[in-house]
Structure formats: structure tokens, C-alpha cells
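Undergrad: Submitted below is the structure of interest, expressed as C-alpha cells.
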Amino acid sequence: MRGGETVVPAAGVPVPRQAVASGKVRVWVPDGPLELGLVLGPLRRGPGDPTFRTTPDGSVWRASLTPAGPGTLRVSARGGEVRGEAWGPGAEWLLEQLPRMLGADDDPSAFVPRHRLLAHTSHRRPGLRLTRTGLVLESLIPSILEQKVTTLEAYQAWRLLVRKYGEPAPGPAPARMHVMPAARTWALIPSWEWHRAGVDNKRASTILRAVRVAARMEEAAGMEPAAAQARLELVSGIGPWTSAETVQRSHGAPDAVTVGDLHLPGIVGFALGGDRDADDAVMLRLLEPYAGQRHRAARLVLLSGRVPGRRAPRMAPRGIERL
């Protein structure tokens, strides 16, 4: 997706009441429909995520640790135009990345629906684009936290650790927004603080192994998704589930289908084949016609709302790594 863009001064631009300090601004015009909630929603780790906030005016706020340092980004869309305003040392990096984060490198036309449900959903949600943040650790660490626990437990751990060890988001960000900790800070978190956050030794140890090779992890942002997954999986404790969940966000990877998930095979199996007891093998067979776009197909299935009734307890564990 390619679009036009301009860079304008921030002075005199209407911003939320709390935005008393002007930041750097970039205005970008996408070349097609764009729904901020659909594109950026996967970056939100629960309703209390300190790095992500939506405000009543429809804006999305993100706090990120960029290669240039911490930064806060506010994104809003109006009249076919996207406006990004950013603060902090990472402001310019975030604005440079803005089109990619909103799916500029994504090509929805590459997806050809072969099932009525997918055709209907893709027509109904034309604003879906796959985000590409260009940042690996900010998606990898919360994905590790989500291994084999309920989403509520994982979201709580992410919230507690980021607020305790991250720094406040630069600029006029909404209250209690924080940038996630740097790799060295993650490495220095005491064992008892992991325990207080509800993170078992296995997940904590996996995060510690990842941040010790943080530079190698972030280098994966410049690789093709499959190669990036292979790089991440060199770290003990990171398997196909975690690597897929990461590159879906860091790379906008349209084919990085999540395997090893407790619920997804049954959801895809039920929607596309009427099989609520489908396993990974059945899911992959059903998604085979969408090779190259299997993650997008799975997203459309989830957006369709056609899911089987739950048999497992609510908020059951998510990723089950196959190492």
C-alpha cells in the first residue's frame, strides 16, 4: 500500500487537552481504506497495557523503545488522512516507520478468498492491514509471557513489569503510559520480582536468554519473516508459536500462521470446515489454499465472529510451544 505524505509543523494543530507540548508531526495519505483499530489492535496487550492507549477522540497512542531511544506516538485518522505526532528521542524514528506500521508494505490484494466466509469478512472489513513495527523485542517479550498461561495472567505480568521497570512515556502521553524496559533492565530484574508478577522460572529464563542477545534479536527485523523466525527459535524456550506471534507484528508477516495455540485450530477448523475439534494439522490443511497469506486468512476468520462455543474454561492458556 503506497500513499502520499507531507511533514508539517506541529504548531497550531488540534491535539487532545493533555497534549500541551507540541511534537514532531507527519501526515500520510494511505491509498485505500484504513481502520486504525484493526491495524494496530494486535499491538495491544490487554486493556491495561501501559504501552498502548486509545482515547475518546479515536486516537491511538503508543510508547515504544526505538533504536533511537524512547518515544511516544499519537496516531489519528480523519478524512482519508493519517496524522502522526511523536515525542522523545525516538520521535523521528517512529514517524519514519509510521506508514509501515499502518500497513504500507502490506498487499491485501494478494489474498484471494476461496471460502464464502472469508470473502464476506474481507469485503466487510476493507480497512484491515497487517502492521509492521520493525521492533522485535517489544513483541517477543509479551509473547513469551503469554506462553502456557491465561491471557489475563500474561497481561497482568506485562503491565506490572513495564510500569515498575519501564520509564514514563515521553511527551504529553495519557496518564500511566510507559515505555518498556531496555534489554539490560530486563536482564537485571530480580527473581522475586518475576515471581511477584506471576511469571514462572521457565518464561523468565527465556526472556533473560533473549535479552542477552538483544542485538541479534533486533537484527531479525531486517530479515524475511521465515528467516527471522528461525533466528528467534535459536533461543531456547522460543518455539514456533512465539516466533509467529512476534513476526506477525514486527514484520507484518502475512503467512506466519500461529501453530501450537490452544484455541486457534478449533476456531479455524469450525469456520472453514465445520470441525471444532481440529488440530494444527487440520488447520494447516484448511489454510493451505492461502499459502503466503495464511495469517491474514486466520485474522479474517477471527474477525468473522464465527467461532465454536467454548468448552474449556474462559481465558484458557494460549501458546503451547513445541520445542
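The values are calculated or read from the model by the stated rules, or taken from the named source; none is laboratory data. Values in this document were obtained by computation on a predicted structure and should not be read as measured data. When we count neighbours, we look across all protein chains shown, and the Cβ atoms used for this are built from the backbone with ideal geometry, even at glycine. Each accessible area value is taken on the protein alone, full model and side chains, heavy atoms only, with ligands, DNA and RNA left out. Shrake-Rupley method; radii C 1.70, N 1.55, O 1.52, S 1.80 Å.
Undergrad: Explain nothing, just compute: Karplus ³J(HN,Hα) = 6.51 cos²θ - 1.76 cosθ + 1.60, θ = phi - 60°, for every residue of segment 299-307 in order, whole Hz, x for Gly and Pro.
TA: 3J(HN,Hα) across segment 299-307, in whole Hz: 4, 5, 4, 5, 6, 5, x, 8, 10.
Undergrad: Taking R0 as 51 Å, what FRET efficiency do you get between D31 and A215 from their Cβ-Cβ distance, rounded to the nearest 0.05?
TA: About 0.90, to the nearest 0.05.
Undergrad: Among [x] 24.4; [y] 22.3; [z] 20.2, which is the computed Kirkwood radius over Cα pairs in Å?
TA: Among [x] 24.4; [y] 22.3; [z] 20.2, the one derived from this structure is [z].
Undergrad: Further, regarding this structure: Take E193 and S109, extend 7 Å from each Cα along the Cα→Cβ direction, and tell me the distance between the two endpoints in nm.
TA: For the pair E193/S109, the computed spacing is 5.0 nm.
Undergrad: Between rounded, prolate and oblate, where does segment 81-214 land on the alpha carbon gyration tensor, with a ≥ b ≥ c its root eigenvalues, rounded for a/c under 1.5, else prolate if a/b exceeds b/c?
TA: It comes out oblate by the Cα gyration axes.
Undergrad: For A226 and A119, compute 0.36 nm times the residue count separating them, minus their Cα-Cα distance, and round to one decimal in nm.
TA: Going from the current span to full extension adds 35.8 nm.
Undergrad: Let me ask something else about it. For the chain, which whole-number percentage of the solvent-accessible area (1.4 Å probe, protein heavy atoms only) is attributable to carbon and sulfur atoms?
TA: 53
Undergrad: While we're here: Counting heavy atoms of the protein chains only and a 1.4 Å probe, report the per residue accessible area for the chain as a whole number of Å².
TA: Each residue of the chain exposes 44 Å² on average to a 1.4 Å probe.
Undergrad: Another one. Take every DSSP beta bridge with both residues inside the chain and express the antiparallel ones as a percent of the total, to the nearest 5.
TA: 95
Undergrad: Using the Cα gyration tensor of segment 20-85, with a ≥ b ≥ c the square roots of its eigenvalues, what is the shape: rounded (a/c below 1.5), prolate (a/b larger than b/c) or oblate (neither)?
TA: Note, shape of segment 20-85 comes out oblate.
Undergrad: How far apart, in nm, are two points set 7 Å out from the Cα along the Cα-to-Cβ line at A175 and at L262?
TA: Calculated label separation equals 3.4 nm.
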